[in-house]
Amino acid sequence: QVLLVESGGGLVQAGGSLRLSCAASGRTFSTYYMGWFRQAPGKEREFVAAITTGRSTFYVDSAKGRFTISRDNTKNTLYLQMNSLKPEDTAVYYCAASRSSRALVTTSGYDYWGQGTQVTVSS
């Protein structure tokens with residue numbers, strides 16, 4: 001039903017910034033709860049940030065003060081602004097969409113997923 005396509009990943013040095021984008025198909029983007037997750041090699045996929053239909057936001061502790069999640073409903077696009085990047089942020093970042101407000105900080109709380117975009121932070 002919903003196609004999600006991430007973009008904006010790349011290679012940056014520690015302390016640098018990247019802005020990830022997630023383009024969503026359809027005409028009901030504004031009704032979805034959205035989230036960003038990341039997965040490093042050999043590790044489980046972990047929650048990074050979420051934004052509700054009312055634009056309330058939630059972050060993993062390590063991202064607070066550095067990352068900002070936002071959405072542009074006119075453009076059907078979700079964003080993740082990442083500043084002060086650290087090597088530990090290196091991972092594949094995934095965009096996800098949910099039609100429910102339940103379990104927004106867990107992978108099981110989402111119905112649709114993008115293909116992921118690689119973020120690599122060097123030092």
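The values are calculated or read from the model by the stated rules, or taken from the named source; none is laboratory data. Computed from a predicted structure; not experimentally measured. Positions of Cβ are generated from backbone atoms using ideal geometry, with glycine treated the same way; all protein chains shown enter the neighbour counts. Note: areas computed on protein heavy atoms with side chains; ligands, DNA, RNA excluded. Shrake-Rupley method; radii C 1.70, N 1.55, O 1.52, S 1.80 Å.
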_Karplus 3J(HN,Hα) series, Hz, for the range 115-123 with 6.51 cos²θ - 1.76 cosθ + 1.60 (x for Gly, Pro)_ = 7, x, 9, 7, 10, 10, 10, 9, 9
*Roughly how many debye, to the nearest 20, is the charge dipole of the chain about its Cα centre, given +1 on each Lys and Arg Cβ, -1 on each Asp and Glu Cβ, and no other charges?*
280
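So which trypsin sites (Lys or Arg not before Pro) in the range 6-88 are both in a DSSP loop and have at most 16 other Cβ atoms within 10 Å of their Cβ? Working shown, then result.
On the way: sites: 19, 27, 38, 43, 45, 55, 64, 66, 71, 75; in loops: 27, 43, 45, 55, 64, 66, 75.
Listed in order of number, the matching sites are 27, 43, 55, 64, 66, 75.
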*Roughly how much of residue 92 is accessible, in Å² to the nearest 10, using a 1.4 Å probe?*
40
*In vacuo Debye scattering of the range 63-123, one point per C-alpha: log10 I(q)/I(0) at q = 0.13, 0.18, 0.20, 0.21 Å⁻¹?*
-0.42, -0.80, -0.97, -1.04
*What is the spread of the Cα atoms of the chain along each of their three principal axes, largest first, in whole Å?*
41, 26, 25
*residue 104: accessible area at probe 1.4 Å, nearest 10 Å²?*
20
*Would you list which lysines come within 23 Å of residue 43, measuring only between C-alpha atoms, while excluding same-chain residues fewer than 8 positions from it?*
64, 86
